[in-house]
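This report concerns only the one structure given below.
The values are calculated or read from the model by the stated rules, or taken from the named source; none is laboratory data. Every value quoted in this text rests on a predicted model; they were computed, and no experiment measured them. Here Cβ is always computed from backbone atoms with ideal geometry, including for glycine, and neighbour counts include all displayed protein chains.
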Amino acid sequence: MGQAITQPTQSAPIGVFDSGLGGLSVLREVRDLLPHEDLVYVADSGAAPYGDRSGEFIEARAAAIAAFLVAEGAKAMVVACNTATAVAVRALRERFAIPIVAIEPAVKPAAAMSRAGVIGVMATSLTLASENFRRLAEQYAQGARIVPQPCPGLVELVEGGRLEGPEVHGLVAAYVLPLLNDGVDTIVLGCTHYPFLLPVIRAVAGPAVNIIDPARAVAGELGRRLEAEGLLAEGKGHGGTRFLTSGSAAYVEAVLVTLWGRHAKVQSLPGNYAAPD
């Protein structure tokens, strides 16, 4: 039986976490779809990027952050990180009793959308090498050919708030153009950081290529799970959003202005949940 501190209530917050700030692409969809909910977002920036870490490290960090969110009274949790989903979500669901919704590469809708039957998946190397991704590809490709594209460096650009310019365009082109040369007509964004680079990705890929960001679908699934559990927030007021990080709060605040679109106070994650040196 999963662990929960108290029985969740409708007024309890929703916890969302990512290795860094990429999960804000999911948070903004949750905020848009569920405007009355209180949200708590944790950026594990002190341990980012997860793509360079071992599976054991990622599982330990995911468990620590999830434990923090449950201790804060979260009624549900969103794993807004494809790598953490691939490595740790099964263990999280076994340990914690609250609903846990996780993002993963949108292979199924991509297969349905592709005209050529060739799908590109942009993601971290760890996500693409995971058993979870292999299972998705086998179960949902529907005969389409999947072309995996690791994208080292893109997470770091987004974490630094660098979303445009020659360096960004050059790195995106280095990953997107080989997909186009391989006949891809549909690209799945398999990392929550990548939607922040969507204008550049679209510019390189061109208008004929479908690009799928699964964040909206995750927010929709979260809403359905909360409704089924009787946990949707009541009332007409706008919910609050609280931000925490295991990294530099001042640095995250500065980048948050670019990625979230407005200033917000960022708190440091309590020491017992902090990322190891």
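Data table
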quantity	calculated
Residue check, LEU128 crowded, with 23+ Cβ neighbours inside 10 Å and over 13 Å from VAL204 (Cα atoms)	yes
Restricting segment 22-34 to residues that are within 9 Å of the chain's Cα centre (by Cα) and in a loop (DSSP other than H, G, I, E, B), the residue that is nearest to VAL218 (Cα to Cα)	GLY23
Breaking point among (1) out of contact with any Gly (no Cβ under 9 Å at 6 or more places or on another chain); (2) assigned by TED's automatic domain parsing to the domain that holds PRO150; (3) part of a helix (DSSP H, G or I), for PHE196	(1)
Single unsatisfied condition, GLY190 versus (1) in contact with a helix residue (DSSP H, G or I) (Cβ under 8 Å, 6 or more places away or on another chain); (2) surrounded by fewer than 21 Cβ atoms within 10 Å (Cβ to Cβ)	(2)
Number of positions in segment 37-62 that are at pLDDT below 95 and farther than 19 Å from LEU126 by Cβ	0
Segment 89-111 residues that are at pLDDT 95 or above, paired with ones that are outside any helix (DSSP H, G or I) and of a type in the set (Lys, Arg) (beta carbon under 9 Å, 6 or more apart)	ILE98/LYS75; PRO99/LYS75
Search result, residues across segment 35-54 that are more than 13 Å from ASN82 (Cα to Cα) and not in a loop (DSSP other than H, G, I, E, B)	LEU39, VAL40, TYR41, VAL42, ALA43, SER45, GLY46, ALA47, ASP52
Odd one out for GLN10, checked against (1) part of a loop (DSSP other than H, G, I, E, B); (2) at pLDDT 95 or above	(2)
Subset tally (residues that are assigned to a loop (DSSP other than H, G, I, E, B) and more than 15 Å from ALA74 (Cα to Cα)) for segment 236-277	17
Condition broken by ALA233, with the remaining ones in (1) modelled with pLDDT under 95; (2) farther than 21 Å from VAL78 by Cβ satisfied	(2)
